[in-house]
Each structure stands twice: as C-alpha cells, then as structure tokens.
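Visitor: The structure is given below, and queries will be raised subsequently.
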Amino acid sequence: MSEPLTLIDRLWSTHEIARREDGAALLWVDRHYVHEGSFHAFSQMKARGRQVAEPGLTFGVSDHYVPTRGRDRAIANPEIAAMVSNFESNATQSHIGLFGLRDPRQGIVHVVGPEQGLTLPGLLIVCGDSHTSTHGAFGAYAFGIGASEVAHVLMTQTLWQKKPKRMRITVDGHTTVGVAAKDIALTIIARVGADGAQGHAIEFAGRAITALSMEGRMTLCNMSIEAGGRCGMIAPDANTFAYLKGRPYAPKDAAFDRAVAAWSALASDPDAAFDREVTLDAAAIVPVVTWGTTPDDALPIDANVPDPARETDPARAAYIREALDYMGIAPGKKLSDITIDRVFIGSCTNSRIEDLRAAAAVLAGRTSKVPGLVSPGSSTVKRQAEQEGLHRIFRAAGLEWADSGCSMCVGINGDLVPPGERCASTTNRNFRGRQGPGARTHLMSPAMVAAAAVNGHLSDVRPLLAGRKL
Amino acid sequence: MEKFVRLTAKACPLTQPNINTDQILPARYLKWPRSRGLGQVLFQDLRFDAEGREQQNFPLNQPTWRDAKIIVAGRNFGGGSSREAAVYALYDYGIRCVIAPSFGDILSQNAVKNGLLTAVLPEVEAAELAAAIADDPALPVTVDLERQTISHDNLSYGFAIDPVSRSQLLNGWDDIDLTENHRDQIEVFKAKDRLGRPWAIPTTA
Ligand code: SF4
C-alpha cells in the first residue's frame, strides 16, 4: 500500500521536474502573476538578454501603484506614473496578458486571478507578493516569491524550492452570527503567533472552513502569511467548482467536467500525517481586533489591551510597552474605548463583493462618525457593488467610494493614513508605518470596521446587526 | 552572486522581535532602482526620525557599529512582505550575515539569492551573543559557513541553515545556470504534463 498523502504532497509531486542532491526540487509553475513591483525582475531578465519563457502562463495586473481617484486624468506624481507605465510596457513587450490601469477587469492581483478563472485547483501559482497565499483557497499551491525568483520564473517557468513542512489547522463546529473569516484568521494567528507556521504549508480543514464561501476562504488563506506560513490551502469542493464555472479563463463545458473530476481527487487522505496539527472550536471564536504592531496582537473586542506592568516576561513587557507607545494607547485600556480617526475597507484580504456587502449591511441607514475610504478589490467587484446599490450606502454613510487597487493597505499610491492617526482597517498588516509613516492600524473584519465607523470607536458589531438582513 | 564562506566582522545587536520587511525598507522606497543606493534608507524609520535626524538609541547609529557586517537580530526577523529590495538594502549597506532565532521564509530565500547569510541560532544563544557584543561592541565575530559555526574569543556556537541554502551560498550558484542544465527534463515534463493536466492551461476568454 502506498503511503497516505496530504494535499501539499499531491500538489508538490505533480509539479516536480527534477531534484538536486541537497533536496531542492525544480518545480513547474502553472501561473505567474506580476505587478508593478516586478521591475527588478524584468531588469534582471533583460540584463541576461532573455525573454519570458511562457507568456501564455504569465499575467500582469496593475494594482500597487494605481490611483484610486481621477483615473480619467494622468497620474500626477511622475515617479508613480513611471512605475505604472514601465510595468505596462514591460508586460506588452513580453506579450503577457495584462490587466492594466484602464482595463475594465483591473484590480488587486489576488482578487483578479480568481475572479477571471485564472486561479484553479491543482495549480502551482507564484507572484512576487507574499499574499499569493490567497489562491490556496482553491486548492492550489500558491506562494509569494522575491524578485530574483520572479526573474527565474519569467525566464524558465520553473522554480527551485525545498518542500515545506505540513501543518493542518482544523476549525471544528459552527461560527456564530457576526463572526467572519477575518475573525477566524486573526484568532488563528493570535494562537500560533506571527511566526508560528514558519516553514510550513498550512492546510485549513474542519466544518467551519468548509462552511466558508470562496471569499471567506480567500480571506483566510490570504492571512496564512501573517502566521508565518509559506502558503495556505483548502481542499477544493462543490463550492470551489461552482465559483469557477463560467469564469472567463476557466475550462469550459466538457473540459470543465473533466477538470472537476481531476480536482475532486485533491484532498488529504484521511490517515495522512502532518508535521503539526492545531485545532480550534469555531463556536468559541468572537469578533476580534488587533491592538499592537503585529497581526498576532489580536484580542476579542470585549477585552482590554495588555498591561506591561502585569507581564512576567521582561522581553514581552518591553514589546507591549513599545507597541502601545507607538499605537498611542494607555496600558490596560478597554479596546472598545479606543476612538478612531478613519476607516479603510479594501485590500486583497477583504475587498470582495461579500466583504462589501457585510460592511454595507451594518452601514445601511447609518452614518460614519469618521471619514473613510472604500476601495473595491477589482473594477469588476466595483461594478457589481454598484449594481447592488452598495456604493449608495457607503456614500450616504459619508465614506468615499473609490476605484480599485492596493490603496491604503500599503499607501504606495499615495492613499495614506496621516501620521499619528488611527485607522480601523480591513487589511492584513498592522506593522509600524504600514499605512503611512506614523500611522496606527487596527485590523478587523469589514463588518467590524463598519461598526467602528458608526460608533467612532472600536466596537462589537453584533449589537448593530440586530434585526438586519445578513 | 558572491559566495559566502567565512567572515570575521563587527556585529550589531538589533534584538527586538518581529522586525519585518516594512521596517527594513519602508514601502515608499520600493520604487527606487537599486542603483539609487538602498543602503542609505535601510531601517529608515528606525534609524531616523520624521525630520531625518538620527535616532540616538538605534544600535546601528552607534559609532562602533556603523560599519558592522553582521546583525544579531531577534525572533522572526524579516517577516512580512516579499520585497527583495529589503535584502538589497541590507546588502548594499554592507551587511553580509544576519543571525536570529528565526526568519521570515521569503526573506531567507531572497537572502540566499543575493549572497546574504541568514544563520539560525537558538533564542538563548542568540541573546547570549547579543549580550556579549553589547559588553564589547568592537568584538570581532566569526561566521564560518563550512563548519556552520559562529564564534568569538573562546566561545563557539553551531548554527542551523537548510542544506539547500548552504550549498548555494558556499558555491555562489546562480539558479538560472543550474536550471539550464535541466532544459531537456523541463521539455519532457511540459509535454507530458500538457496531456495529463490539459485543464491547467488557461482558456482564452
Ligand atoms: S492589497 Fe495590500 S497586501 Fe494585498 S497585494 Fe496589495 S499591498 Fe499587498
């Protein structure tokens, strides 16, 4: 009898071309996504006088630097304009598929790939971006790589890798009302730590995971990297196939049925062994927010921020003191007493249609006490949200409805949180200065951001959901 | 790529945990070409205040450590974004080796491709080493990749590194050259794979 296999074992072996003595394997890459940040890689490729090996498997998306307002005008900042135009001319010269600034399908790479049916189960997907883990939601082996590796993939469509260790995170049972995929993700990260899954491929399993929509699964896999994981993945199922059916680049008709038959085998054997297992009870997960400067600083909304004076480990106490100092929060303060200056709804973590619906369900008929920006994950999501009238809810609440891009998640297009300001944000990183120098970020779900907007302070969304259609 | 075999240099302690790539190189410098000198903005927001004045208490600003080639870091150094420019910034500043209890996976991968060694030392030993340099800032520290040791005076620690990274650094291998040797295998794989997984090719919209 052959040894029982995990999902990552299966994905790994279908892509292995060769193995070196030291254990590194040369893997075939099925999809390579590139964005404006790939310029180092394109220069490396040109310096060697090489070309893109498989332009048909390479897709470019303009997202990190694109403006989210005034797209009919030229980009004012010349450096930013150059980033976008250099990228788009690199893509065009290389004959790769391009979802450029003015393409109706443009958006954040991790939203566009799945939405266009480019991301499929069983694929090996890479991109020069750590949140490539998002695509694992479809049962793909998807991970972020650096510029030298991007250059290598451009030139050869392959990549040298060592096999990650296997970790399974099982979330059993059912979540309660008001608990979103983001709450599951942050709860997991708080449990295992920001580096807890280093060197591991995470497989998410359990009743609460299979109950998630594809949007929710993408949120969860997206955040795998914030637990230090190399990638996150979920075995594909009927939900996955239903999401993909009819997507522009997905297989069609009989080819789709044959693909589904192959994809259905992509699961871990029941008796397969993992290097590490973590189990959580979904019923115990409540809405959470972060208070500090790494994503594992997440606590239930009814908790208080830690007090360094009550911490026994001196290194931990020093960290808490510095984090609270940066965040401008008094030790031991009640989380729900923390007032905010603005909100941001967007990023590859939480900007899909379901995320916008969840925020709009809270905001409908209410106003935001603070200014805020809503940037849909893609231009396609934007159109859909407008068809559903969600943009009117955001605008009526006093929030700005903008175009799609990475926007205030990282601020490199100029959408910044001003120094010292506090932002309730649906993004994935609360690092110092992530949303701009001196910016203070609290991570949470879209519904929780909406609740913070309505109350002007960090808040439990659940009371605001009473009597609402969800 | 430059090989890494052995290095003796000053080491700078930077022991707070979770120094991520946003701290190593803030996002606003990502549009800089490498030729503009990324070393000068390494740890920009930790090294300098908003007005561009040096932060006195930041270790790399101490006179003895300005020209350190080794950093002794805290747990989870370089987690976060995949930006390889963070490694360019370290390297172009002059850093050739970072020692820490753990590293972000992508940062370690990027480091290897650029001849920067990331050496894993258990938390207690890393803290001991950091304390030793804090006591004697000019203490020369030797990192020997062949023997996988870090030593100073009479003390020596064995460090961990994955064998793939080790062989790559010792040989100064270039991935592209290595891959070229497998060109035939790639072609065979591709032909077979297209038959076995026809659905893996995107259909044109
Ligand atoms: S939205 Fe944020 S996390 Fe996602 S790809 Fe863009 S910058 Fe990275």
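Every number in this text was worked out from the coordinates using simple rules, so none of it is lab data. Keep in mind it's a predicted model, so treat the numbers as computed, not measured. When we count neighbours, we look across all protein chains shown, and the Cβ atoms used for this are built from the backbone with ideal geometry, even at glycine.
Visitor: With equal scatterers on the alpha carbons only and no solvent term, can you work out the Debye log10 of I(q)/I(0) for the protein assembly as shown at 0.05, 0.06, 0.07 1/Å?
Guide: -0.21, -0.31, -0.42
Visitor: Run the simple label-point estimate for A:Ala255 and B:Leu155 please: 7 Å along Cα→C-beta, distance reported in nm.
Guide: Between A:Ala255 and B:Leu155, the label points sit 6.3 nm apart.
Visitor: If you average the sequence gap of Cα pairs under 8 Å that are 6 or more apart and divide by the length of segment A:101-242, what percent do you get for the contact order? Don't jump to the answer; show the numbers that get you there.
Guide: Working: 258 pairs, mean separation 41.0, N = 142.
Here the relative contact order equals 29 percent.
Visitor: Let me check I have the definition right: for segment A:252-301, take the eigenvalues of the Cα gyration tensor, multiply each by 5, take square roots. What are those semi-axes in whole Å, largest first? Write down the numbers at each step before the final one.
Guide: Working: eigenvalues 278, 68, 27 Å².
Over the Cα atoms of segment A:252-301, the ellipsoid semi-axes are 37, 18, 12 Å.
Visitor: Can you list residues from other chains, or at least 5 along the same chain, whose modelled amide H is less than 5 Å from the amide H of A:Glu203?
Guide: Correct list: A:Met167, A:Arg168, A:Ile169, A:Met233.
Visitor: For segment A:136-164 and segment B:128-142, what is the separation of their C-alpha centers, rounded to whole Å?
Guide: So the separation of the two Cα centres works out to 38 Å.
Visitor: Evaluate the relative contact order of chain A (contact order divided by residue number), counting alpha-carbon pairs under 8 angstrom at least 6 apart; express in whole percent. Please list the in-between numbers first.
Guide: Numbers: 1133 pairs, mean separation 78.0, N = 470.
Over chain A, the number comes to 17 percent.
Visitor: I would also like to ask the following. Going by how many other Cβ atoms sit within 10 Å of their own, how do A:Tyr243, B:Tyr29 line up, fewest first? Show your work: numbers first, answer last.
Guide: Details: A:Tyr243 21, B:Tyr29 18.
The order, fewest Cβ neighbours first, is B:Tyr29, A:Tyr243.
Visitor: Separate question: Where a ≥ b ≥ c are the square roots of the eigenvalues of the C-alpha gyration tensor, would you call segment A:287-355 rounded, which needs a/c under 1.5, or, failing that, prolate if a/b is larger than b/c, or oblate?
Guide: Working: a/c = 2.29, a/b = 1.99, b/c = 1.15.
In terms of gyration-tensor shape, prolate.
Visitor: If you wrap a convex hull around the C-alpha atoms of segment A:7-263 and split its volume per residue, what is the figure in Å³? Each step should come with its number before you reach the end.
Guide: Details: hull volume 37.3 nm³, N = 257.
Spelled out: Cα convex hull of segment A:7-263, divided by residues, is 145 Å³.
Visitor: Mean-square fluctuation check for chain B, GNM, Cα pairs under 10 Å: which of B:Asn18, B:Asn76, B:Asn181 is largest?
Guide: Top of the fluctuation ranking is B:Asn181.
Visitor: I'd like the distance separating the alpha-carbon centroids of segment A:172-197 and segment A:230-306, in whole Å.
Guide: 11
Visitor: Can you compute the equivalent ellipsoid semi-axes for segment A:289-465, i.e. the square root of 5 times each eigenvalue of the Cα gyration tensor, sorted largest first and rounded to whole Å?
Guide: On the way: eigenvalues 165, 57, 30 Å².
After scaling each eigenvalue by five and taking roots: 29, 17, 12 Å.
Visitor: Tell me, rounded to the nearest percent, the portion of alpha carbon pairs in segment B:6-173 spaced more than 23 Å apart.
Guide: Numbers: 4701 of 14028 pairs.
Percent of Cα pairs beyond 23 Å in segment B:6-173: 34.
Visitor: For the protein assembly as shown, give the magnitude of the charge dipole about the Cα centre (Cβ charges: +1 Lys/Arg, -1 Asp/Glu; no others), in debye to the nearest 20.
Guide: Details: 71 positive and 75 negative charges, 333 e Å.
With only Lys, Arg, Asp and Glu charged at Cβ, the dipole is about 1600 debye.
Visitor: Let me ask something else. Which ordering of A:Ser38, A:Ser94 is given by a fewest-first count of other beta-carbon atoms within 10 Å? Write out the running numbers ahead of the final one.
Guide: Working: A:Ser38 25, A:Ser94 17.
The fewest-first ordering by Cβ neighbours comes to A:Ser94, A:Ser38.
Visitor: Moving to a separate point now. Among A:Ile108, A:Pro78, A:Met444, flag the residue with its Cα farthest along the positive direction of the charge dipole of chain A, charges on Cβ as +1 for Lys/Arg and -1 for Asp/Glu.
Guide: Positive-most Cα among the choices belongs to A:Pro78.
Visitor: Applying the Karplus parametrisation 6.51 cos²θ - 1.76 cosθ + 1.60 with θ = phi - 60° to the phi angles of segment A:398-406, what ³J(HN,Hα) value in whole Hz is obtained for each residue in order, glycine and proline being reported as x?
Guide: Going residue by residue, I get x, 9, 8, 9, 10, 7, 9, x, 5 Hz, with x marking Gly and Pro.
Visitor: I've got another one for you. For the residue pair B:Arg34 and A:Gln387, what label-to-label distance in nm results when each label sits 7 Å from Cα along the Cα-to-beta-carbon direction?
Guide: 4.6
Visitor: For A:Gly228, list long-range residues whose amide hydrogen, built 1.01 Å from N in the peptide plane, is under 5 Å from its own amide hydrogen.
Guide: The answer is A:Ala197.
Visitor: Sort A:Phe256, B:Phe77, A:Phe59 by Cβ crowding within 10 Å, fewest neighbours at the top.
Guide: Numbers: A:Phe256 20, B:Phe77 29, A:Phe59 24.
Going from least to most buried by this count: A:Phe256, A:Phe59, B:Phe77.
Visitor: Further question: Which whole-number percent gives the relative contact order of segment A:7-263, counting Cα pairs below 8 Å spaced six or more residues apart? Please list the in-between numbers first.
Guide: Working: 501 pairs, mean separation 54.8, N = 257.
Worked out over segment A:7-263, it gives 21 percent.
Visitor: Here's something else I'd like to know. What are the residues whose amide H is under 5 Å from the amide H of A:Gly107, where those residues sit 5 or more places off or on another chain and H is modelled from the backbone?
Guide: Placed amide hydrogens put A:Ser62, A:Ser379 under 5 Å from A:Gly107.
Visitor: Moving on to the next point. Any lysines with Cα under 17 Å of the A:Lys382 Cα? List them, leaving off those in the same chain fewer than 8 positions away.
Guide: none
Visitor: I would also like to ask the following. Under 18 Å between C-alpha atoms is the cut-off here; go through segment B:2-153 and count lysine pairs that meet it, provided they're at least eight residues apart or on different chains. Each step should come with its number before you reach the end.
Guide: Values: B:Lys3/B:Lys69; B:Lys3/B:Lys113; B:Lys10/B:Lys69; B:Lys69/B:Lys113.
Final tally of qualifying lysine pairs is 4.
Visitor: Is the shape of segment B:5-90 best called rounded, prolate or oblate, per the rule: a/c under 1.5 gives rounded, else a/b larger than b/c gives prolate, else oblate, with a ≥ b ≥ c the square roots of the Cα gyration tensor eigenvalues?
Guide: Values: a/c = 1.35, a/b = 1.18, b/c = 1.15.
Rounded is the answer for segment B:5-90, as its axis ratio a/c remains below 1.5.
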